[in-house]
There are 4 protein chains.
Amino acid sequence: MIVLTCLAGSGIARAQSWQPPPESARCPSVWGAADERGAGNLKSPELVLRAAQLIRIGEVIELGQVLSVDMPINPIRQFDLHTKRTTMNPQSNRRGSNEELVIAEIGQVGTQFDGFAHQTIGDSMYNCVKVSEAATRTGFTRLGIQNVGAVVTRGVLIDIAALKGVDMLPDTYEITVQDLEQALSKQRVQLRRGDAVVIHTGWGRLWGKDNARYQATNPGIGVAASEWLARQSPILVGADTAPVEVNPNPDRQLSLPTHQIMLVVNGVHLLENMKLDELAAKRVYEFAIVVEPLKIQGATGSSVAPIAIH
Amino acid sequence: MIVLTCLAGSGIARAQSWQPPPESARCPSVWGAADERGAGNLKSPELVLRAAQLIRIGEVIELGQVLSVDMPINPIRQFDLHTKRTTMNPQSNRRGSNEELVIAEIGQVGTQFDGFAHQTIGDSMYNCVKVSEAATRTGFTRLGIQNVGAVVTRGVLIDIAALKGVDMLPDTYEITVQDLEQALSKQRVQLRRGDAVVIHTGWGRLWGKDNARYQATNPGIGVAASEWLARQSPILVGADTAPVEVNPNPDRQLSLPTHQIMLVVNGVHLLENMKLDELAAKRVYEFAIVVEPLKIQGATGSSVAPIAIH
Amino acid sequence: MIVLTCLAGSGIARAQSWQPPPESARCPSVWGAADERGAGNLKSPELVLRAAQLIRIGEVIELGQVLSVDMPINPIRQFDLHTKRTTMNPQSNRRGSNEELVIAEIGQVGTQFDGFAHQTIGDSMYNCVKVSEAATRTGFTRLGIQNVGAVVTRGVLIDIAALKGVDMLPDTYEITVQDLEQALSKQRVQLRRGDAVVIHTGWGRLWGKDNARYQATNPGIGVAASEWLARQSPILVGADTAPVEVNPNPDRQLSLPTHQIMLVVNGVHLLENMKLDELAAKRVYEFAIVVEPLKIQGATGSSVAPIAIH
Amino acid sequence: MIVLTCLAGSGIARAQSWQPPPESARCPSVWGAADERGAGNLKSPELVLRAAQLIRIGEVIELGQVLSVDMPINPIRQFDLHTKRTTMNPQSNRRGSNEELVIAEIGQVGTQFDGFAHQTIGDSMYNCVKVSEAATRTGFTRLGIQNVGAVVTRGVLIDIAALKGVDMLPDTYEITVQDLEQALSKQRVQLRRGDAVVIHTGWGRLWGKDNARYQATNPGIGVAASEWLARQSPILVGADTAPVEVNPNPDRQLSLPTHQIMLVVNGVHLLENMKLDELAAKRVYEFAIVVEPLKIQGATGSSVAPIAIH
């Protein structure tokens, strides 16, 4: 028995904490074999009206960080902006025109909305669309972000930092199902089908101030909380961290499993690197959220500047 | 006398139809010498609530065109997307990640929201900020689009194509003040301070179908209608054409004067290349509009995917 | 018999004119199973000295076209240059610095030197290196152009346009083995192992003047002449056309077979879009050639500005 | 007198050590008011033949570093390479084609050849061409690198590290005129008009191994040695460091004055970040050098892969 306990404790005797479900268990999706929209199918006039009813004082709170060369960024990505200074038109009204070239993985930098072409289990994406079949040099023929459209729904902030009484959760804290339930209970709100669920960890206060730490690790949901959240049928799950989920995962055999659980298995979008300080400080737990992904043909996601309205 | 009338009508005897006002006549702006927001200062909870009250059936109508290599684009700009295919993470859950590099004047392609660093009269921009002082290699130190924030206000569609009983206005038709007034009267709506004014010309039906014609010329407002509109104090003026205004201007000495009237003189934003077919077909003349420019540090504008909600 | 002749003439009864050899027939290469240099292995001090002896009058003739936005370019590639204007250093000597961002498939634009990672038969490149194994997001782990080094050898111009008495060969003229032999005989030069063979078609006079025609089709060597040339063991084969070879191939079942014959099967480099007018006009048939590919880690080729010295 | 000597030696009593000459003292250039080529005018068949006579054993020594994401680079520049994997052509020979997008200040990265549009004194470049007049968004209308052509001339290595008996000169060592003269004397070579002068500091051994130190400071020529070298009328001056010259300059009021002395005042090219280890180890002090700048229209310089032949 000592031996057994010991094995259990060491993890040797346990299976891996989570395994991606086989294709047979997740395809076709509940929305049909041809579906490319996943939880986006939940969008409806009812959700829009429910959101609109939350607009009571007319305040707009921005949830997007500034896109700048000083922001934290995944080292395999870039954000470069080159000013193209004035082209002066020859007419007599001396109209000059400025613009700028931007070179960036624009779908995957800054506050960003993840589409379903972004993540895979092996070669397989949402609804078992294959990368090897859908990827071209200039975009994906299926699951492109241009199909998603704007998200207008009820947003719910779940403030785990406040629940724990801290400004910022510890570096690799895994948010539990109990945490979520306690915070919702404390905030007196309930999740509903079609919500946008937004989790405040406080980690966003490192943005632009300690980018190295912001990127190195972060607190967030893990496998259990992700699966619990997916069962609530949200359209998207967001947070004030780069991957939304705890990083690294406590199970070192797993690389960002929430990405697979949400995007690949359940067709739920992620909204990363949110700016949540103002929303949390004002204790706005329910609000209308509007997210407008750029309609980039065949892209895996979009940088966005979402807002909460209440 | 006949001769004189004829000359006046032909424009031969007249001076240039419009001249950019001198700095002394436009600076400091009505919002103060340090202001960078122009008509954005009109934003208020009242405007948001007024917009929210227009959400009655919960329908979201997209006003943004798809960003693709097949769209019409100014020949000095580009939109290129390069798929970066799967990076497979080494962990056992076989998580693959796709993204894409986008190279584009992302502030000035597709459906786009113009900020005040975009246009000049000589070296001078809105509120007499000088390009030579504010431009750096990596953006503008003043008037950057990141300052604007989302626009949530009442949108008003003025359908000039419908007024004229055509699918599409003629190639270089200049919309008059009378046209605007008649259309508003016919639609039974009135403009209010802080509105987003959106003009339907029908030109958008050429988008992606006859890009050469879409870019070559287009109908739209000219100097008179622009000045009349500016006096109504909108936050933005948009249309289903590349420059919002008639192009070329009937006065060949003028290069896109509406750009100067709106952005430089009055601090009113432009919203270009809108997708207005659905809105016009459904005769939705009043609605809540939400526009979320990407918060690109120091940029002249932003590609956007705005929506109407009603 | 009439029928048979007719069938032979129409090609219906013939097999395809050429088929890529199976891996068993071309791997390992004659330079060994680990080799990445192909005909580059021919480089030697003897070849360099032989080339140097051809420098008799000290004239340098440029063989590279200007890289500009006005040049003919494959539509799936780009060449964009964005001036980055003066950064003024703060010190008292007022030193300003200009540079420019270039966005281009720099290995495959303008006068260009093809490396072995550029072309495949299926998934297989020179010496049966597999794309699927050697390609990363940021270059090839094998066959990269940085391994090639400069080519300094005897260059031989074969002027087929002059042989035929024309300024420019017809649009899709396939240069035959007999053409090559006759031109060499007329020019009184013989090919030697390790030469750089350069073919003048006259097509280069369209460069920058009629880019559409330059790109649409072009005269050049076909399968038979390519195989004959490969047997002469050159280090490279070049021409004043985009693909060096006739395009399209007379056998419509073949896509640029010379690319496979030279780069994949025989490990011989191609030098495309050469500027050969001056060399041909001066009847310089033997010369020292120097080609210096940029040493781009893991790249498929390099834009170059080669010279002939005689 | 002791005091005076001391003051002179310490520099305390002196004014700034060097000032850029006024336009009146340097324009028009000795090559005429319209000249854009500077020391490039020295190129001649005689120089080429003189170089060719130095090719005695047929060895080619590469003087260019590999262009890679791992190389030292000025932080305001970038070198990114994105593999564009196989486009498979539909014909039956299964020809696949790979290429790569490169995003870089390609004229000013890696081993690089500086043209005259690169540097200024205030707004003024070589021969008093003004940046404000010659710069466009897409290149310079004058002084562009495409005008330079290949350099084929006698190269002379001056090995200062060997003179001092060290592998690498100290971090900010300023090479003196006496150093140059002593090294040349020791090496038994004399400079001649039209030479390419190449200085070995040993600093190149840090390349790719300690990039931070390679970029932070470096030994090299200062004002006195630069002016002495310019008087020898070389076509170019190169070294195994990023700026060729000592950095920072001992006079902190000067920002890279050799750049102005060579490029702006004297029209002499610079060749930076050379790979000189092999040349120095083999004590090859005289050789033919061939440098082939890419002919980029309107560019300030070119990445190159030069060679020495002897």
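The values are calculated or read from the model by the stated rules, or taken from the named source; none is laboratory data. Quick caveat, the model's predicted, so the values are computed rather than measured. No Cβ is skipped: glycine too gets one built from the backbone with ideal geometry, and neighbour counts run over all protein chains shown.
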Residue that is touching a strand residue (DSSP E or B) at 6+ places or on another chain (Cβ under 8 Å) and at pLDDT 95 or above, where the choices are A:VAL166, A:VAL177, A:VAL198: A:VAL198
Count of residues meeting criterion [more than 10 Å from every other protein chain (Cβ to nearest Cβ) and either in a loop (DSSP other than H, G, I, E, B) or surrounded by fewer than 24 Cβ atoms within 10 Å (Cβ to Cβ) (or both)] in the stretch A:127-142: 6
Residues within the stretch A:163-173 that are surrounded by fewer than 19 Cβ atoms within 10 Å (Cβ to Cβ) and either over 21 Å from A:THR258 (Cα atoms) or not polar (S, T, N, Q) (or both), tallied: 6
Qualifying residue in the stretch B:220-237 (condition: within 16 Å of the chain's Cα centre (by Cα), farther than 22 Å from B:SER303 by Cα, crowded, with 24+ Cβ neighbours inside 10 Å and of a type in the set (S, T, N, Q)): yes
Inter-residue pairs, beta-carbon under 9 Å, first in contact (Cβ under 8 Å) with a residue 12 or more places away in the chain and outside any loop (DSSP other than H, G, I, E, B) and in the stretch C:25-36, second surrounded by 13 or more Cβ atoms within 10 Å (Cβ to Cβ) and among the aromatic types (Phe, Trp, Tyr), 6+ apart: C:ARG26/C:TYR126; C:SER29/C:TYR126
For D:ILE55: the one exception among (1) surrounded by fewer than 19 Cβ atoms within 10 Å (Cβ to Cβ); (2) in a loop (DSSP other than H, G, I, E, B); (3) at the interface with another protein chain (Cβ under 7 Å from one of its Cβ atoms): (1)
In the stretch B:58-92, residue nearest to D:ARG85 (Cα to Cα) [restricted to those that are in contact with a Phe, Trp or Tyr (Cβ under 9 Å, 6 or more places away or on another chain) and in a strand (DSSP E or B)]: B:THR83
Residue check for C:GLU272: of a type in the set (D, E, K, R) and within 13 Å of the chain's Cα centre (by Cα): yes
Residue match in the stretch D:187-201 (condition: within 26 Å of D:ILE235 (Cβ to Cβ), part of a helix (DSSP H, G or I), of a type outside the set (D, E, K, R) and free of Cβ contacts under 8 Å to residues at least 24 places away in the same chain): no
Scan of the stretch A:148-170 for residues that are more than 14 Å from chain B (Cβ to nearest Cβ), outside any strand (DSSP E or B) and among the β-branched types (Val, Ile, Thr), ordered by number: A:ILE160, A:VAL166
The stretch C:88-126, residues that are facing chain D (nearest Cβ under 7 Å) and polar (S, T, N, Q): C:ASN89, C:GLN91, C:SER92, C:ASN93, C:SER97, C:ASN98, C:GLN108, C:GLN119, C:THR120
Flag for A:VAL268 being modelled with pLDDT of 95 or more, more than 11 Å from every other protein chain (Cβ to nearest Cβ) and in contact with a helix residue (DSSP H, G or I) (Cβ under 8 Å, 6 or more places away or on another chain): yes
Some residue of the stretch A:152-161 being at pLDDT 95 or above, surrounded by fewer than 19 Cβ atoms within 10 Å (Cβ to Cβ) and over 15 Å from the mean Cα position of the chain (by Cα): no
Residues located in the stretch A:284-303, provided they are crowded, with 24+ Cβ neighbours inside 10 Å and of a type in the set (S, T, N, Q): A:THR300, A:SER302, A:SER303
Cβ pairs under 8 Å, 6+ apart, first in the stretch D:238-251 and within 24 Å of D:LEU279 (Cα to Cα) and in contact (Cβ under 8 Å) with a residue 40 or more places away in the chain, second in a loop (DSSP other than H, G, I, E, B) and of a type in the set (D, E, K, R): D:ASP240/D:LYS275
Residue that is surrounded by the fewest Cβ atoms within 10 Å (Cβ to Cβ) [pool: residues in the stretch B:42-52 that are part of a helix (DSSP H, G or I) and touching a strand residue (DSSP E or B) at 6+ places or on another chain (Cβ under 9 Å)]: B:PRO45
Sole residue being more than 21 Å from A:VAL291 (Cβ to Cβ) and facing another protein chain (nearest Cβ under 10 Å), chosen from B:ASP277, B:ASP240, B:ASP251: B:ASP251
The lone exception for B:CYS27 - which of (1) surrounded by fewer than 17 Cβ atoms within 10 Å (Cβ to Cβ); (2) modelled with pLDDT under 95 it fails: (2)
Filtered residues of the stretch B:58-83 (kept if buried (at least 21 other Cβ atoms within 10 Å of the Cβ), touching a strand residue (DSSP E or B) at 6+ places or on another chain (Cβ under 7 Å) and within 8 Å of chain A (Cβ to nearest Cβ)): B:VAL60, B:LEU67, B:LEU81, B:THR83
Test: B:LYS282 is more than 15 Å from B:PRO219 (Cβ to Cβ), within 12 Å of chain A (Cβ to nearest Cβ), touching a residue at least 24 places away in the same chain (Cβ under 8 Å) and basic (Lys, Arg): no
